[in-house]
Amino acid sequence: MPNADSSNHNTMETANETIKQAPLLEARNLTKVYEDGVKALDNLNIKVMPGEIYAMLGGNGAGKTTTINIFLDFIQPTSGNAFINGIDSNSDPLEAKKNVAFVSENVQLYPNFTALQNIDFFVRLGGKSNYKRSDYENALTRVGLQSEAFDKKLRDFSKGMRQKCGIAIAILKNAPAILLDEPTSGLDPKAGKEFTKLIGELRDEGKAILMSTHDIFRAKEISDHVGILNNGELVAQRTNAELKGVNLEQLYVEYMAGYMEETNQNLVLTNDLN
Amino acid sequence: MIKLLIEKELKNILLSPKFAATFLVCSILILTSVYIGVQEYHTAVAQYEANQQIATQDIAQATNWGSVRNQVHRKPNPMQVFVSGLHFDVGRVSRISGSQDVKLIRSPYSDETLFALFRFIDLTFIVQVVLSLFAILFTYDAINGERENGTLKLAFANSVSRASYLISKFAGVWIGLIVPLLIPILIALLVTTLMGVPISGGDWASISGFIGLSILYVTFFIGIGLLVSSITRKSSLSFLLLLVIWIGGVLILPRMSVMASGQIVEVESIAQLEAKQEAYQKARWDEYSSTISKTWRERSQEMEGMDEAERQAYRDEREWDWLEEDDAARKQVQLDITDNNRKLIEETMNQKKLQERVAFSLARISPASSFRLAAMNIAGTDIDMKSRYEESMRGYRDDFTAYTQKKQAESGTRNGFNINIDSDSGVKIDFGRDDQTLDTSEMPQYSAPVLTAGSTLSKSVLDFGLLGIFIILTFAGTFVSFLRYDMR
Amino acid sequence: MFKLIFIKELKEILQSSRFTISFAVCSLLIILSFFMGAQNYLSGKAQYEAAKQENYNQIAANTEWMSVNHSIMLPPQPLMALVTGISNDIGRDIEVRGRGELSAQNTRFNDEPIFAIFRFMDLEFIFGVILSLFAIIFAYDAINGEKVSGTLKLCFSNSVSRASFIAGKLAGSFVGLSIALIIPLLIGCALLPVLGVNLSSDEWLRLGIILISGLAYFGLFLALTIGISAMTNKPSNSFLIGLVVWIFAVLITPRASVLISGRMVEVPNVDEITSEKNRYRFQLFADDRPKMADFSVPEGTEPHLVMQEFSKFMNELSEERARKTEIFEEKINEQYINKKRQQERLALSLSRISPTSVFSLATTELAGTSLGLQNRYMDSAQDYQQVYNDFMTEKTGSGGMTGFRMIIRSSDDSGEEPETIDASELPEFEFQKATLSSAANRSLIDLGLLILFNVVFFGGAFFAFLKYDLR
């Protein structure tokens, strides 16, 4: 890792220790209603602090990807705001996106490019142009890609290998915030474990990570906060500490099934939490 | 099992945007093309009829048979609506006269260059170029696309035989393509008859032949599409390969073969041929005029030493023989010229035939050429149309000149006028008696050459056969390669 | 940012198998079309020279200028072989007489119908039909393909503006593919002198403009397809739409416009006009016949003087007839030509909806093979007719030999062969090509339209992408 990175890392860490700082990712009263009248998000509020992992849980169509899309300015919220490092990503997307890295579900890169070519392009696109080839190689090694694959074209890569490249890109961009859209879907358990480990490392470096996932166990394992979305509504939000001893799967199923929070009185309403 | 598979294929195709686009494009193209073709045909017929009328009027205006200007026209052929072939490129009128060889001039395109700039697109072109392209679009991912989707695995997780799968695949695509082809064609045929194009029984046979040919051609492209799709793993690759095959086969090979044969076999240009003909003609007439003046000199030498009365008597006695002698000599010249012209034309024609044979043999490597050549043969707008017409017009010219000569001999009128120069009486111009009108009712009428079904068949059987062989080859290839296809 | 995307686009194109295969095919096609064009030109030229020589020999065998049958031919030109236009559809040979209307006969396709069956593969065809199709094949998934593969999202998770992305994309694909086209085009150009086809600097310039407009035409199809790709979500859909657009632009619009104008402007039947002219000539001759019959000379005039008198008399009559015919024909032609021009103008204006026709018109105009070729050839021939007429009048005392030719051979008893004429005295026919400036002038509107189409399609693609749903 280059020097700039480690110094950055350090400041983050000290900032983390002093506790009181602004959230790196914040959804404030986000509401999205599509043209066809479907309400994808309903008054969503999320905050992700530096050095925190926030996992959004929810079924298909719950609004997880919509949230990420709004953060990335792929769609405009009907009301409310999404802030990355305090910058409204819909009013100044270019500035906001400097502070975020993104790994999509089932990463697909340019099939005719080699791993290194792909990484080179996307990292430069992320505004980092002073890396050397060895930096790329280090990053790829760190995410666990075999060195034989570095100069192979992406079209011959398996899903797991592509995902590793995607994470390497995100690492190299070295943005304070990271958005992960279903990052572990379709990965084998070993790759999933490796991935979890990596995310943990990134969190320890002080990144703020917002991920959407179906994987309840992994979410519980690594996240600092878990939010459960149903039909665009954040129906429950727990800290890692609160989840200790709680059967998250049961909680999840209950919320998905439409159970209200009263059924479990030691849980607090989401909105009250803030 | 097959029924289920075919049903799935059909549903899959009929509901796809591909099918909708194909149907739409085919319908628009075919209907516009046939509509334009019918309009063109009507214009051509109107022109043809007007021209015939003009020709008879012109003949009626003439006052003696020698000055009749006759010309005959190529008759529009209803089949040109579907297969324009060489109709627009070959001359449509030839002068009929004893002193000139038959030659079709004034092609529709040379008269209306505007139409030549953006050429007419006939049904043959649509099938040859557009439908083959669609056939590729329908088949390039037929097999490897299903592999990429994973549906191939899913299907073969059941007890399905590869053969039945392939057959149903073919049947589905085939129906999916033939329907967008046949429905607009049938509508177009209906439109054609409704718009008053006279389609004879023979034409109906030709049309069915053409439709059959088109189906064969499309089938071939389905075959090659399936073949390539079954020997490649990725649909993006098979698409590119097929596109290359399509461009090569449909656009390049036919053109290149003609150009190559033009390089291999040299053929004299018509201008060269005509200059040669003319040179011979001139030389022959020069020879004639010098022999005839020699004869005249000899005759006057014979009369030398006679007095005026003797001379007159001598002359009166022999005048008829002399005339006949001179006439025979003149006729011989004309005969020689005609013979020489024929010979020269034949030589050129033979070279041309050779060139054509070379070109077509090369071109037939591509089924697109076979299709085109067979379609033109069926429709009678093929490469021999010109020579066919010119041949029949030559026959007519012989009849016509024989007739006019007979008529002239009967009426005693000559063509043009006679100039007599005599040192005693000076110059006399004599026009003969020609203040009559001509009775043209007995004049021989030109009738267009008729193509027999047998000759059409024998000419197109090779191309039908070739298409059949190509189809069998591609299907056999697909079958073999699919039996060994790696399903993963 | 633009530069980065631009270079990525270039690299991506150059590394794809799609590019490799298409590049190979395009190069082959382009070089082949240059090669074929050159061969075609050379064999056409050889034929032309041979026919000209044959014509010369035939003339040289004459003993009197009176009996000369002279034909002129349209000289083949290199650009004609590269962009054939209507050059194969117009009559190439004209039999020149001192007076009267000239008619060009023997079109190439009529003489050699074998070439008409599959037609030629010239640059207009390569660009107009094949390369435009290639543009669609290259670009149909330019945007929506990236969306399907997710790279679009990944790109825009960075601080990248849409404008620089699409601009990089457009510029990158255009430059990448253009370079791929320019290489075989340059090889083709270099091939011409190697094969023995020498172009004048004027012709090089024309060829240069033709090739540049070809690239512009390719570019507009590229931009159009990228635009379509930026308005659809599935590559298969954008390909189909592109194909339909291609079929309409390349195949349907040009023909439909000709058809419509043919319906809207009625042009009189050519044959009727020809027959009317014939009848008029016939009538004039009939009117002159009594005069001819009345011809007489004082008794006892020497025979050769009688002949002189007589041919002078006949010439006067035929001159008079020729004058009247000319006036009549001019009148009748004018109406016909006006109608025809009107029809052409309408057809061409309508056809210009399609960039393909715009491109065809621009290139054929520059190559000198557009509709104007026929008129120019006839004009040149008419100028030459004047020269020829003067020459023949000087040689024979009469130039107007409309339908009547009288050769008088005075035979003396010596039996000596009369001497042949010196055919080299005959003035040469020179075909007046349209000057570069006039050709450029006439193609200006089409070149302008080509630029306009480019602006519209590039702009369209640009703005379509600004509104594109990136998800």
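Ordering C:468, A:34 from largest to smallest accessible area (1.4 angstrom probe), what's the sequence? All intermediate terms of the calculation are to be shown ahead of the outcome.
Working: C:468 10, A:34 50 Å².
From most accessible down to least: A:34, C:468.
Note on chain C: Cα-only Rg and Dmax are 30.1, 114 Å. Accessible surface of residue B:147, taken over heavy atoms with a 1.4 Å probe and every protein chain present, rounds to 50 Å². Within a straight-line Cα-Cα reach of under 29 Å, residue B:3 can be paired with the following lysines, leaving aside sequence neighbours fewer than 8 residues apart in one chain: B:11, B:18, B:153, B:169, B:234.
Spin-label model, residue C:379 to residue A:34: label points 7 Å out along the Cα-to-beta-carbon direction sit 6.4 nm apart.
Please go through region C:105-149 and write out the trypsin sites (Lys or Arg not before Pro) that DSSP classes as loop and that have at most 16 other C-beta atoms within 10 Å. Don't skip to the end; give the middle numbers.
Details: sites: C:108, C:119, C:147; in loops: C:119.
Loop-located and lightly packed - C:119.
Per residue, the average separation of C-alpha pairs within less than 8 Å and at least 6 apart gives chain C a relative contact order of 29 percent. When each full DSSP H helix of chain C is screened for a Cα extent of at least 30 Å along its own axis and an average Kyte-Doolittle hydropathy of at least -1.0, the helices passing are C:17-60, C:162-195, C:201-229, C:436-466.
In this Cβ point-charge picture (+1 for Lys and Arg, -1 for Asp and Glu), region A:3-273 has a dipole of about 820 debye about its Cα centre.
Arrange the residues A:238, B:284 by how much accessible surface each exposes, largest first, with a 1.4 angstrom probe. Walk me through the intermediate numbers first.
Details: A:238 10, B:284 35 Å².
If we order A:238, B:284 from most to least accessible, we get B:284, A:238.
In chain C, taking the dipole from charged Cβ atoms about the Cα centre, the farthest positive-side position among C:44, C:110, C:267 is held by C:267.
Using alpha-carbon pairs under 8 Å, 6+ residues apart, how would you state the relative contact order of region A:3-273 in percent? Could the numbers behind the result be given before it?
Details: 503 pairs, mean separation 68.1, N = 271.
For region A:3-273, the relative contact order is 25 percent.
Per residue of B:261-271, count partner chain C-beta atoms within 10 Å of its C-beta, then hand back the mean as an integer. So the per-residue partner count for this stretch is 6. Evaluate the Debye formula for region B:1-50 with equal point scatterers sitting on the alpha carbons, no solvent, and hand back log10 of I(q)/I(0) at q = 0.13, 0.21 Å⁻¹, in q order, two decimals. Evaluating at q = 0.13, 0.21 Å⁻¹ gives log10 I(q)/I(0) of -0.53, -0.77.
Report the gain in length on full extension from residue B:353 to residue B:409: 0.36 nm times residue separation, minus Cα-Cα distance, nm rounded to one decimal.
Contour length minus the Cα-Cα distance gives 16.1 nm.
Projecting the Cα atoms of A:176, A:240, A:165 onto the charge dipole of region A:136-245, computed from C-beta unit charges around the Cα centre, puts A:165 farthest toward the positive end. Shape class for region B:161-269: oblate, because the ratio a/c of the largest to smallest gyration tensor axis (alpha-carbon atoms, square roots of eigenvalues) is 1.5 or more and b/c is at least a/b.
Taken as entire DSSP H runs, the helices of chain B that both span 27 Å or more between Cα atoms along their own long axis and average 1.6 or more on the Kyte-Doolittle scale are B:162-194. Placing a pseudo-label 7 Å from each Cα along the Cα-to-Cβ vector at residue B:402 and residue C:148 gives an inter-label distance of 7.2 nm. Taking 27 Å as the straight-line reach from the Cα of residue B:75, the lysines in range (excluding those fewer than 8 positions away in the same chain) are B:103, B:352, B:353, B:386, B:459, C:277, C:339, C:340.
Partners of residue C:433 within straight-line reach, counting aspartates and glutamates whose Cα lies under 16 Å from its Cα and excluding those fewer than 8 residues away in the same chain: C:202, C:203, C:365, C:379, C:383.
Rounded if a/c is under 1.5, else prolate if a/b beats b/c, else oblate: with a ≥ b ≥ c from the C-alpha gyration tensor eigenvalues square-rooted, which is region A:40-84? Here region A:40-84 falls in the oblate category. Along its three principal directions, the equivalent ellipsoid of region B:87-164 from the Cα gyration tensor extends over semi-axes of 57, 14, 6 Å, largest first.
When the Cα positions of C:278, C:363, C:293 are compared along the charge dipole of the protein assembly as shown, C:363 comes out farthest toward the positive end, with charges on each C-beta of Lys, Arg, Asp and Glu.
Rounded if a/c is under 1.5, else prolate if a/b beats b/c, else oblate: with a ≥ b ≥ c from the C-alpha gyration tensor eigenvalues square-rooted, which is region C:425-471? Working shown, then result.
Values: a/c = 11.49, a/b = 5.52, b/c = 2.08.
Note, shape of region C:425-471 comes out prolate.
Averaged over the residues of C:238-250, the number of partner chain Cβ atoms lying within 10 Å of the residue Cβ comes to 3.
Assigning unit charges at the beta carbon (Lys, Arg +1; Asp, Glu -1) and nothing else, what dipole magnitude in debye, to the nearest 20, does region B:52-103 show about its Cα centre?
Numbers: 6 positive and 3 negative charges, 5 e Å.
The dipole of region B:52-103 has a size of about 20 debye.
Extent of chain B along its three principal axes (Cα atoms, max minus min coordinate, largest first): 122, 46, 37 Å. With the simple model of a label 7 Å out from the Cα in the direction of the Cβ, residue C:430 to residue B:50 spans 4.0 nm.
For region C:207-328, the Kirkwood hydrodynamic radius comes to 21.5 Å, computed from all pairs of different C-alpha atoms.
Span-like helix check, chain A: no full DSSP H segment qualifies, none having both a Cα axial length of 27 Å or more and a mean Kyte-Doolittle of 1.6 or more.
The figure for residue B:282 is an accessible area of roughly 40 square angstrom, using a 1.4 Å probe on the protein chains alone.
Roughly how large, in nm² to one decimal, is the mean projection of the convex hull of the alpha-carbon atoms in region C:22-142?
Numbers: hull surface 38.1 nm².
Projected area, direction-averaged: 9.5 nm².
For chain B, adding -39500 (n - 2.57) for each run of n ≥ 4 DSSP H residues and dividing by the number of residues yields -24000 deg cm²/dmol at 222 nm.
Please find the FRET efficiency linking residue C:212 to residue C:49, where r is the Cβ-Cβ separation and R0 is fixed at 41 Å, and quote it to the nearest 0.05. Please list the in-between numbers first.
Details: r = 33 Å, r/R0 = 0.80.
Rounded to the nearest 0.05, the efficiency is 0.80.
Orientation-averaged projection of region A:3-273 equals 14.7 nm² [convex hull of Cα atoms, one quarter of hull surface area]. If you plug the beta carbon distance of residue A:134 and residue C:119 into 1/(1 + (r/R0)^6) with R0 = 51 Å, you get a FRET efficiency near 0.30.
With the whole protein complex present, residue C:70 retains an accessible surface near 20 Å², based on a 1.4 Å probe.
Once you average over the residues of C:157-167, how many Cβ atoms of partner chains fall within 10 Å of each Cβ? Write out the running numbers ahead of the final one.
Numbers: counts 21, 17, 13, 6, 2, 3, 0, 1, 1, 0, 0.
Per residue, the average neighbour count from other chains is 6.
Computed about the Cα centre, the dipole magnitude for chain B is approximately 4080 debye when only Lys and Arg (+1) and Asp and Glu (-1) carry charge, each at its Cβ.
Using only alpha carbons, the protein assembly as shown has a radius of gyration to Kirkwood radius ratio (Rg to Rh) of 1.14. Each Cα pair under 8 Å and six or more residues apart adds its sequence gap; the mean of these over the residue count of chain B is a relative contact order of 27 percent.
The values are calculated or read from the model by the stated rules, or taken from the named source; none is laboratory data. Here the structure is a predicted model, which is why all the values come from computation and not from measurement. Every residue, glycine among them, receives a Cβ derived from its backbone with ideal geometry; neighbour counts consider all protein chains shown. Side chains are part of the model used for accessible areas, which takes the heavy atoms of the whole protein and leaves out ligands, DNA and RNA. Shrake-Rupley method; radii C 1.70, N 1.55, O 1.52, S 1.80 Å.
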